[in-house]
Amino acid sequence: MEFKLNGTTINYEGDPELSLMTYLRDVEDIISPKDGCAPEGVCGCCSVLLDGNVLKACIAPMRRIAGKEVITMEGLDPGKKETVINAFAIEGGLQCGFCTPGIIMKVWPLLNQGFVTEKEINKALNSNLCRCTGYKKVTKSCLSAAEALRNNAKPNPVYLRQRLCGIMPKSSCRKAAEKSVKACQNMTPSVWQQAKRLTSRI
């Protein structure tokens with residue numbers, strides 16, 4: 001069977017019942033979809049886009065994607081992705097970072113529609129579990145990201161450092177900054193490299 005993955009045409013001749021998540025992680029080495037509950041499909045950490053609609057990859061067999069297009073975090077528009085990740089870092093919407101790719105994929109269609117409400121964000125994230133936070137910062141991050149995308153705002157890792165350093169001692173600031181940017185490491189190498197250079201000077 002044939003399908004598209006992040007813009008590339010793939011010819012797949014393997015097990016049609018293999019889960020999409022297993023294929024992405026073990027065959028294509030795409031690690032943004034996380035295994036948080038497979039094969040239950042309840043945590044949302046493995047969320048991807050299938051023809052523009054959100055899909056939980058851990059419960060989707062490969063036969064389901066024949067002739068369709070799969071988009072993961074790695075295939076999102078680089079500029080928009082960095083803007084969204086920057087918003088999450090600034091607003092504290094990521095902590096350990098494990099569930100963050102799934103959350104971003106879940107709200108991505110909303111973020112691209114322009115104006116989005118808090119109610120829409122909360123409804124979209126109803127099936128995405130985060131074990132670190134109470135969701136308020138996640139919701140705020142999504143709203144901030146939507147606003148930044150509407151205004152064509154550019155990522156500003158310097159502002160991220162200032163926000164972190166403004167509320168904690170220098171030593172704690174460095175640790176928090178490193179923790180935050182490490183959570184982004186699997187999402188966008190450019191942001192990771194920028195933030196890594198900045199934290200080395202904190």
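Looking only at the range 3-31, filter to residues that are touching a residue at least 60 places away in the same chain (Cβ under 8 Å) and farther than 16 Å from Ala60 by Cα; which one of those is surrounded by the most Cβ atoms within 10 Å (Cβ to Cβ)? Talk me through it step by step, then tell me what you get.
Let us first name the residues in the range 3-31 that are touching a residue at least 60 places away in the same chain (Cβ under 8 Å), namely 3-7, 31.
Right, trim to farther than 16 Å from Ala60 by Cα and you get 6-7, 31.
Details: Asn6: 18, Gly7: 8, Ile31: 16.
Per the stated criteria, the residue is Asn6.
Filtered by the rule that a residue be within 14 Å of the chain's Cα centre (by Cα) and either modelled with pLDDT under 95 or farther than 17 Å from Val70 by Cα (or both), the range 5-31 gives a lone residue, Ile31. Taking the listed residues Val54, Val48, the one that is in contact with a Pro (Cβ under 9 Å, 6 or more places away or on another chain), in a strand (DSSP E or B) and under 18 Å from Tyr12 (Cβ atoms) is Val48, with no other qualifying.
Counting only residues that are buried (at least 19 other Cβ atoms within 10 Å of the Cβ), over 20 Å from Asn128 (Cβ atoms) and at pLDDT 95 or above, the range 63-93 holds 1 of them. If you go through the range 102-134 and keep only what is at pLDDT below 95, surrounded by 18 or more Cβ atoms within 10 Å (Cβ to Cβ) and not aliphatic (A, V, I, L, M), you end up with Asn128, Cys130. All conditions but one from (1) in contact with a Lys or Arg (Cβ under 7 Å, 6 or more places away or on another chain); (2) in the same structural domain as Asp15 (by TED's automatic domain parsing); (3) not aliphatic (A, V, I, L, M) apply to Phe98; the one that does not is (2). You will find that of Glu40, Glu17, the residue that is assigned to a loop (DSSP other than H, G, I, E, B) and under 21 Å from Leu125 (Cβ atoms) is Glu40 and no other.
The values are calculated or read from the model by the stated rules, or taken from the named source; none is laboratory data. Treat the numbers as computed from the prediction; the structure is a model and nothing was measured. Neighbour counts are summed over all protein chains in view; Cβ atoms, including those assigned to glycine, are modelled from backbone coordinates with ideal geometry.
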